[in-house]
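The values are calculated or read from the model by the stated rules, or taken from the named source; none is laboratory data. None of these values were measured; they are calculated from a predicted model. Neighbour counts run over all protein chains shown; Cβ positions are idealised from the backbone, glycine included.
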Amino acid sequence: MQIKATEQVNSYAAFDMFDQLHFKLIELKTADQGHSEASWRLGTQFLDSYMLLFIVNGEGWLTVDGEFVELRSGTIYAAMPGQLVEAEVRGKAERSLYQMRFSISYEREIDETSAQAMMKRICNFTTKGEMRSDSPVTMSLICREIEENARHANGLQRYYGQIRFQELLYTMFSDMLQLESNDAMRPIEQARHYMEQHYMDKMTIQDMADAARMSARHFMRLFKKRYGCSAVDYLTIYRIKQAQIMMRNDQNFRLKEIAACVGFQDEMYFRRKFKQISGLPPAAFIRNSKQRIAAVHSQGIGILLALDIIPCASEANHPWTSYYRRKYETDKVTPLVDGEEGCLEQLNTIRPDYIVAVREEMSASMMHRLNSLAPVCVISQSEGDWRDHLRTAAQFLNRPAAAEVWLQRYEQKAAVVRSQLSEQVRTDKLIILSVKDSKIQVMGPRTIASVFYTDLQLNAPEGIENIWQQSHAGIHDLSDLAHLSIDRALIIVNADDESSQKWAELQQSEVWKASKAVQTGGVDMLIPSVLLDYTAFTHELMLDEVLKLWQHRP
């Protein structure tokens with residue numbers, strides 16, 4: 001089957017008293033009915049107009065003037081004329097992507113509230129032009145109406161499409177102004193970027209404060225409030241992480257050379273800080289980096305990455321394989337095929353030093369044969385939580401201190417994230433739903449939802465405990481949700497037709513429409529590919545997603 005992305009182009013002018021706007025929009029479609037996955041690529045080009053990308057349900061990447069950003073569902077990305085851009089999007093269903101290009105011309109003097117000025121502020125204010133909408137669901141509905149009306153045969157309907165496009169821009173501008181009014185921490189973000197770009201150089205507190213354009217005392221106070229640690233500690237941790245990358249990629253460097261490369265002038269101080277931050281002395285880290293450790297099941301990947309271990313082999317069909325390969329810049333991970341026999345043959349060829357496996361995911365025969373290849377660390381999903389799983393693997397691999405250091409930093413980060421959420425978010429009743437195939441699962445504390453209910457101490461609707469106990473197979477009767485008071489909802493929809501259809505059914509149900517979360521725009525969506533595993537690494541990723549979703553939200 002040939003899958004392609006087809007382009008629907010609609011160009012027209014939308015006038016108000018001052019502005020003239022032109023745009024075209026693209027949606028992803030499939031060549032054959034019944035298959036929803038498609039890809040779209042924007043080759044490297046200089047823009048001659050403004051560009052908006054709104055990702056409804058998909059994933060991909062974008063570069064703007066050489067800076068890389070991972071695309072996320074429910075997020076708008078903006079770029080200006082004259083910028084060099086390149087992008088690729090993998091859509092999961094029709095209307096996965098809306099690309100809009102438009103130019104703006106004026107008949108009067110430009111001021112700070114003009115459309116052009118506001119667009120420039122969006123592109124410059126947000127990270128690489130990225131902005132999360134207050135209501136991604138509402139935004140996708142506006143985009144859909146623009147598409148449908150812009151292609152309508154009736155001229156009046158096309159004019160209404162122009163109006164909806166103006167509403168889209170108005171929504172974006174309003175969201176940005178709200179972000180600006182709440183963004184006292186923006187100079188701190190600028191200082192952090194400065195630190196990460198110049199970590200190899202000698203740097204003082206005053207240098208960091210100058211990057212934030214504030215006094216050293218004020219900078220130190222705000223930085224700790226934002227990140228939960230001092231600026232000096234943040235820089236030290238970042239430098240040690242860079243040293244670890246050097247050690248993994250080339251083990252021929254002397255420690256003195258590595259220390260100098262990452263900004264340490266004193267080798268003994270570097271050694272002391274390395275052990276404090278990594279839980280291992282530098283020599284032990286280098287020695288351990290030579291070990292070949294295989295993750296037979298996906299859960300093992302998130303455990304190993306939290307221990308600063310890149311597996312030598314891992315599950316081939318795990319949805320975030322491409323993610324961690326980009327993040328860790330490695331092409332040395334062998335993808336293990338699905339099926340026990342093929343997997344065992346590969347492992348027999350690789351001959352790993354250790355194997356991490358999940359008891360519930362393998363047969364007794366598989367367990368026996370794995371043990372004949374290498375020592376096996378067996379994780380049981382029914383025994384302990386994700387923290388216990390991390391400690392079990394760390395103890396087995398002789399890295400217990402590394403696990404405790406990681407967990408300590410995680411707890412600090414969770415406390416910082418919680419402190420930056422509004423009182424409204426902290427008091428709302430939150431429900432988290434996973435939609436996969438024909439099943440809707442209400443996610444509870446022994447899933448990735450533990451980030452919200454345990455680590456961030458957010459509130460679940462009263463009476464949800466009974467649903468948690470019964471929802472492993474999914475809820476079949478939506479009336480089970482009717483008695484819940486749902487102020488806020490987080491939805492994770494799997495990337496297939498059946499899941500999309502089930503989510504559409506839920507959206508049309510009277511129970512769902514009647515919920516407070518829907519009526520007040522309190523529904524948010526996340527990409528499922530990275531965030532569903534119940535592991536240490538994915539818990540930390542989810543904390544980052546929480547800030548992107550709700551840091552500036554009421």
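Taking the criterion of being in a loop (DSSP other than H, G, I, E, B) and among the hydroxyl-bearing types (S, T, Y), the only residue of the stretch 181-200 that qualifies is Y199.
Residues in the stretch 425-446 that are of a type in the set (S, T, N, Q) and at pLDDT below 90: S434, S438, Q441.
Residue-wise test of (1) surrounded by 18 or more Cβ atoms within 10 Å (Cβ to Cβ); (2) in contact (Cβ under 8 Å) with a residue 24 or more places away in the chain; (3) over 30 Å from K241 (Cα atoms); (4) assigned by TED's automatic domain parsing to the domain that holds Q381.
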| residue | (1), (2), (3), (4) |
| --- | --- |
| D428 | yes, yes, yes, no |
| V435 | yes, yes, yes, no |
| Q441 | yes, yes, yes, no |
| P445 | no, no, yes, no |
| S450 | yes, yes, no, no |
| Q470 | no, no, yes, no |
| A482 | no, yes, yes, no |
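When we screen M208, M220, M214, M203 for residues that are outside any helix (DSSP H, G or I) and modelled with pLDDT of 90 or more, the only hit is M203. Taking strands (runs of 3 or more DSSP E) as the structural unit, those lying wholly within the stretch 254-350 and holding at least 1 residues that are touching a Ser or Thr at 6+ places or on another chain (Cβ under 7 Å) and at pLDDT below 90 correspond to 313-315, 334-336. Condition check for V296 on (1) under 15 Å from L397 (Cα atoms); (2) touching a Cys at 6+ places or on another chain (Cβ under 8 Å): one failure, at (1).
Residues that are at pLDDT 85 or above and acidic (D, E) within the stretch 44-86 comprise just one, E86.
Residues considered: Y199, Y194, Y227, Y234. Of these, the only one that is touching a Gly at 6+ places or on another chain (Cβ under 6 Å) and among the aromatic types (F, W, Y) is Y199.
When only residues in the stretch 282-301 that are of a type in the set (A, V, I, L, M) and closer than 17 Å to Q244 by Cβ count, which is surrounded by the most Cβ atoms within 10 Å (Cβ to Cβ)?
Taking the candidates together, the pick is I293.
Is it the case, given these coordinates, that R41 is modelled with pLDDT of 80 or more and among the basic types (K, R)?
Judged against the criteria, R41 is a match.
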